[in-house]
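The values are calculated or read from the model by the stated rules, or taken from the named source; none is laboratory data. Computed from a predicted structure; not experimentally measured. Ideal geometry is used to build each Cβ from the backbone, glycine not excepted, and the neighbour counts take in all protein chains shown. When the accessible area is computed, the model is the full protein with side chains, heavy atoms only, and any ligands, DNA or RNA have been set aside. Shrake-Rupley method; radii C 1.70, N 1.55, O 1.52, S 1.80 Å.
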Amino acid sequence: MVPKITTLSGYLHEYQKSVANPTGFWANIAETFYWHKKWDKILEWDFHNPKVEWFKGGKLNITENIFERNLFLRGEQKAIIWEPNDPNEAIREFTYNELFVEVQKFANVLKKHGVRKGDRVALYMPMIPELSIAMLACARIGAIHSIVFAGFSAKALAERIIDAEAKVVITADGGYRAHKVLRLKDVVDEALTQCPTISSNIVVKRTGGEVVWNEGVDYWWHDEMEGMEEVAPAEILDAEDPLFILYTSGSTGRPKGVLHTVGGYMIYTAYTFRNVFQYSSGDVFFCAADIGWITGHSYIVYGPLLEGAISVMFEGIPTYPDAGRYWDIIRKHEVNQFYTSPTAIRSLIAEGQEWVQDVNLPSLRVLGTVGEPINEEAWHWYHDHVGDNRCPIVDTWWQTETGGIMISAIAGVIPTKPAFASLPLPGIQPLIVDSEGNKLCGKGVQGNLCIKFPWPGMARSHWGDHKRYVESYFSQYKGLYFTGDGVKRDEDGYYRILGRMDDVINVSGHRLGTAEIENAINEHPLVSESAVVGFPHAIKGQGIYAYVVCTSIPKNAEEELKNSIKIGVSKMISPIARPDQIQFVNGLPKTRSGKIMRRILKKIAAKSTDYGDISTLTNPEIVEEIIEGNHKLIK
Ligand code: WTA
């Protein structure tokens, strides 16, 4: 197991060590894992001509570090406890031994379908144990998984399959989400009409709903698993071989396939999991994220299972069948560490005090949040009611690209402050710069958050597009990784994340590129142009505000048109990208070079009155008109 920091002085000591000698620091942690062959070099890096390699030449398989490494001590211990959407359905549990058998069997199924080391496998699945089994089976044979959140549209799924040139897709007939049944196989069928690289679609039977069956492509999971050989030797990989691709939104263009490699990601997720949450053997850890996002990858599956933890996986949502569902799950499974998002907390606050008034959750020791800034009200509610004033909150800042938690308190070790992610974890060297790239030293400064030294969990590239990786993170400030976030460091040296500085918006903790949403809106036949910005939203953190220029608006049909634009976005991307507000405008404020001045549009959507300098606009008169329209729209 990785070493655990247990005191504040221990943290300070480890942090110093990690900065003075980063390679020695991480090599010591890497030593605690199982390698077939030790690495040739700990670290090779360059942030000017970006390239990062950790433990190159080291040979391993991450699933051997989850299974073979843990079995001796805890083969009969639970690995995954699965809690279904409907609390009346039976829970499913897997010990490490049982999970290992399933993973190996499915690894053999993948091999039977021609999947080999380096091949890509797309997973479009509900939150059921088969999702974890499938991802680990990929890792077992060195295939690269690309998990697509099961709320994405057929078009979005197809784009991701095509970009990764996936060979096999894994899905389910359907999934449950509160009262709804999601028809996942239908979405996959539609996507596959555009995906010539897919030769097999393996389908888990979850809902038993009717599905269209495509002979020669579709295979039932249970048929394939039936009688399958229970042993699958691990493919031995290089530390720098890819583990997975996960698509995420950037400020421009299509979603990018963030690429993580085996060795560094393994070490980083295990280390951050054990330390931030102060996990001890036998604890029950519940991360309420979806595995379709990075949080689920790192803190439902890889981090916890590497550390031999008991990980709760939940299929449903916090308000089904009622707003006490999380607390019921925590009580039922005696959860010790609970990790969720500020949006979930705010949505539960909105459900009323009665759900937490007398909630008594004695098993809880640590609370965590992730994905977006947490406002003080939500922080206090979480701390006082859920945590009974005694559980520390770890507000964990990180990104799909960072692989694991970067800035966070260590539970019970680093004192917390509401709305502050607090201090960098060992090995993380943040740097704040102003817009010209000047270093802002000392305390009490505010600027753009960069990282100046590599850490093992960082993304290595974008799938098939290293140039875009370089442009996305390393082009803004020479020699630094730019996170895209604004940050403030206070008098105590604590970091407070202020949110994205680029054209990415964070809706309920989901990352969306404004360009993607605009492209979807512009597909509407009556739309000629649009500009999308985020605006403050009481529950979702940010809402989506779209300014839309139409070629014509049919008489008395404004609302209908708005609806059809919204439906279009849901279909092209996902319901999570659906605009909250649409304002029809006659034009967009533009600079002489034709660039849309989003700064002004953001201010209008946020109801701010300070628009800054508008004299450089070619059409300053449009601003007044847009403001008026906004007043009418939202009073
Ligand atoms: C935001 C999610 C404030 C941030 C793990 C980041 C946060 C983006 C926090 C990454 C936090 C994440 N406080 N903001 N604790 N955690 N963010 O890739 O803007 O889905 O850049 O990764 O979420 O989102 P992603």
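A few remarks follow.
- Yes/no for TYR481 being within 16 Å of the ligand (Cβ to nearest atom) and either of a type in the set (Asp, Glu) or open to solvent by 10 Å² or more (accessible area, probe 1.4 Å) (or both): no
- Some residue of the stretch 95-115 being surrounded by fewer than 20 Cβ atoms within 10 Å (Cβ to Cβ), basic (Lys, Arg) and not in a helix (DSSP H, G or I): no
- Count of residues meeting criterion [over 21 Å from GLU624 (Cα atoms), free of Cβ contacts under 8 Å to residues at least 40 places away in the same chain and either in a loop (DSSP other than H, G, I, E, B) or touching an Asp or Glu at 6+ places or on another chain (Cβ under 7 Å) (or both)] in the stretch 554-592: 5
- Selection status of THR272, within 16 Å of the ligand (Cβ to nearest atom) and either part of a loop (DSSP other than H, G, I, E, B) or open to solvent by less than 10 Å² (accessible area, probe 1.4 Å) (or both): yes
- The stretch 484-500 - residue that is under 21 Å from ARG598 (Cα atoms) and of a type outside the set (Val, Ile, Thr) and, of those, most open to solvent (accessible area, probe 1.4 Å): LEU498
- Residue match in the stretch 173-193 (condition: farther than 30 Å from ASP485 by Cβ, assigned to a loop (DSSP other than H, G, I, E, B) and either of a type in the set (Phe, Trp, Tyr) or touching a Leu at 6+ places or on another chain (Cβ under 8 Å) (or both)): yes
- Within the stretch 278-308, being assigned to a loop (DSSP other than H, G, I, E, B), away from the ligand (no atom under 13 Å from the Cβ) and either out of contact with any strand residue (DSSP E or B) (no Cβ under 7 Å at 6 or more places or on another chain) or within 17 Å of THR402 (Cβ to Cβ) (or both) holds for SER280, SER281, GLY282, GLU307, GLY308.
- Selection count, the stretch 342-383, where residues are in contact with a Gly (Cβ under 7 Å, 6 or more places away or on another chain) and either closer than 15 Å to ALA288 by Cβ or outside any helix (DSSP H, G or I) (or both): 7
- Tabulated pairs, the stretch 605-627, first closer than 23 Å to GLY543 by Cα, second open to solvent by 50 Å² or more (accessible area, probe 1.4 Å) and not in a loop (DSSP other than H, G, I, E, B), C-beta under 7 angstrom, 6+ apart or interchain: ALA606/PRO536; ASP610/LYS603; TYR611/LYS603; GLY612/ARG599
- Some residue of the stretch 214-229 being in a loop (DSSP other than H, G, I, E, B), closer than 30 Å to LYS59 by Cβ and open to solvent by 80 Å² or more (accessible area, probe 1.4 Å): yes
- Residues that are of a type in the set (D, E, K, R), within 16 Å of the ligand (Cβ to nearest atom) and modelled with pLDDT of 95 or more do occur in the stretch 341-350.
- Considering the stretch 384-468, the qualifying strands (runs of 3 or more DSSP E), each wholly inside and each with 1 or more residues that are without any contact (Cβ under 8 Å) to a residue 60 or more places away in the chain, buried (at least 18 other Cβ atoms within 10 Å of the Cβ) and more than 20 Å from the chain's Cα centre (by Cα), run over 430-433, 445-451.
- When residues of the stretch 503-523 are limited to those that are within 18 Å of the chain's Cα centre (by Cα) and more than 9 Å from the ligand (Cβ to nearest atom), the one most open to solvent (accessible area, probe 1.4 Å): ASP503
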